[in-house]
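Step one of this worksheet: look at the structure below.
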Amino acid sequence: MLNRYVVPDMPSADELLPYLRRIDANRWYSNFGPLVAEFENRLTAHLTSLDTIKNAGPISLISVTSCYHALQAGLQSMHLPHAARVLLPSVTFPACPLAVRHAGAEPVLADVDGETWQLTPAIARKIVASTEIHAVMPVAVYGVPVPADEWDAFVEETGIPVIIDAAAALEAQSIPRRCLVAHSLHATKPFSIGEGGVLISRNRAFIEEARRITNFGTQMRITVQDGSNSKMSEYQAAVALAQFDRWEGLKKKRTSLFSRMRASLTGSGLAFQFQKNAERAIASTMMLKTAYSATVIADALNADGLFGHRMYLPPLYHHPHFAGLTIANGDGRLSKGDETPGQKDAMMPSAAMMQQSLFGIPFHLFLEERDIAHLISRLKLAVEKAAPHPARSMQAR
Ligand SMILES: Cc1ncc(COP(=O)(O)O)c(C=O)c1O
């Protein structure tokens, strides 16, 4: 179980069966069916019952086929000008810049904060002060929520719309008054249904428009705007409802596993650091910051048959497909377009730090105490490989 970095915890066939039988009885299989409606109502009621944002309007949402589609539909419903620039962090999943491009806009990759590993409103403010940005997409990276109140203040102050990619932070991310929120229900996320997503807003009209966009831009079968097809089917909703029945238990197990692993790692003397506010996530992954080379440690784990990984790394500006995108650092300085990869890293110190220092270890609900003990003993060996050897460095002098 240490040779996979994630093992989804999905409803069993028996747990699914009552919902599948309802599909048999309804003979409704595709979009806008009764199970989809039930899932959306149940999720809305659940998020409303946990809502702590004061004087905010009611929560509205739609279910979609993926978080990527939630991001794309959300951006499309903002009606940005042609070739608009959308600011997003350079350390995130490729879905973010792809959704921006497919919504007809141009991604701009920002540096992140060195402690939260996120694009913060402070960084975004510096960038929008020196260049025209039409929308911002902060990311709740590794499932740690972004500050809803601070992003609301950003929207109020700048007038720039915000869509939060909270892919792995369903429920952990509170729903701001003024920002859109997108979640993923992919098998690797805490609330996993296989493939699926959700788009949430306090603005009902916005959500109604996004729903049209996910259904070919149609209203009563007549096309009124551009759109795609990204509606959830009854089969996906069946899994989502069955997963809802298990959610309270799943949450407890994830939170407990994360704190047990964190305590064992902290007690191991390996001096790893964690993401700031990591305890606010309903954990679906475990990333560690090391003083040594993260690549050497991850490679040593893999050579040992344990799954070491580099989720969201390298930064997107090192992916060939995104290498031509404009990058913007925490002081608001923009790239000119002729920088080498090394010059980009020098310009983006926190993203470069993440590339140098962050690696992930297996994290899933099928790990047992003896797996955790074994993992830590092998991590010690992997860190020894990465640490500069005192005798070797003496000889070099
Ligand atoms: C930060 C982030 N955004 C977006 C996505 C895309 O989610 P989906 O697979 O539901 O489209 C992911 C998936 O891993 C993600 O991690």
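Every number in this text was worked out from the coordinates using simple rules, so none of it is lab data. Worth saying up front: this structure is predicted, and the values here are computed from it rather than measured. FYI the Cβ positions are ideal-geometry reconstructions off the backbone, even for glycines, and counts take in every protein chain you see.
Summary table below
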read-out	value
Residues (within 14 Å of the ligand (Cβ to nearest atom) and surrounded by fewer than 21 Cβ atoms within 10 Å (Cβ to Cβ)) located in the range 187-210	ALA187, THR188, GLY194, GLU195
Inter-residue pairs, beta-carbon under 8 Å, first among the acidic types (Asp, Glu) and in the range 181-193, second more than 8 Å from the ligand (Cβ to nearest atom), 6+ apart	none
Selection count, the range 172-198, where residues are among the aliphatic types (A, V, I, L, M), closer than 11 Å to SER63 by Cβ and in contact with a Cys (Cβ under 9 Å, 6 or more places away or on another chain)	2
Number of positions in the range 263-277 that are in contact (Cβ under 8 Å) with a residue 24 or more places away in the chain, surrounded by fewer than 19 Cβ atoms within 10 Å (Cβ to Cβ) and under 21 Å from the mean Cα position of the chain (by Cα)	2
Flag for ALA83 being on the phi > 0 side of the Ramachandran plot, hydrophobic (A, V, I, L, M, F, W, C), away from the ligand (no atom under 16 Å from the Cβ) and surrounded by fewer than 24 Cβ atoms within 10 Å (Cβ to Cβ)	yes
Subset tally (residues that are within 14 Å of the ligand (Cβ to nearest atom), under 17 Å from GLN118 (Cβ atoms) and either of a type in the set (S, T, N, Q) or not in a loop (DSSP other than H, G, I, E, B) (or both)) for the range 87-103	7
Residue in the range 105-114 that is within 14 Å of the ligand (Cβ to nearest atom), assigned to a loop (DSSP other than H, G, I, E, B), in contact with a Ser or Thr (Cβ under 8 Å, 6 or more places away or on another chain) and farther than 18 Å from LYS231 by Cβ present	yes
Index of the failed condition, LEU20 passing every other in (1) touching a residue at least 12 places away in the same chain (Cβ under 8 Å); (2) out of contact with any strand residue (DSSP E or B) (no Cβ under 9 Å at 6 or more places or on another chain); (3) part of a loop (DSSP other than H, G, I, E, B)	(3)
Residue within the range 110-123 that is more than 18 Å from the chain's Cα centre (by Cα) and either among the hydrophobic types (A, V, I, L, M, F, W, C) or closer than 28 Å to ARG204 by Cβ (or both) present	yes
Residue check, ALA167 over 19 Å from ALA45 (Cβ atoms), hydrophobic (A, V, I, L, M, F, W, C) and assigned to a loop (DSSP other than H, G, I, E, B)	yes
Enumeration of residues in the range 170-228 that are of a type in the set (A, V, I, L, M, F, W, C), in a loop (DSSP other than H, G, I, E, B) and more than 22 Å from the chain's Cα centre (by Cα)	PHE216, MET220, VAL224
Matching residues, the range 62-80, being within 9 Å of the ligand (Cβ to nearest atom), part of a helix (DSSP H, G or I) and small (Gly, Ala, Ser)	ALA70
Those residues of the range 307-324 which are within 30 Å of ILE372 (Cα to Cα) and more than 14 Å from the ligand (Cβ to nearest atom), in sequence order	PHE307, GLY308, PRO314
Any chance GLN243 is part of a helix (DSSP H, G or I), within 16 Å of the ligand (Cβ to nearest atom) and not small (Gly, Ala, Ser)	yes
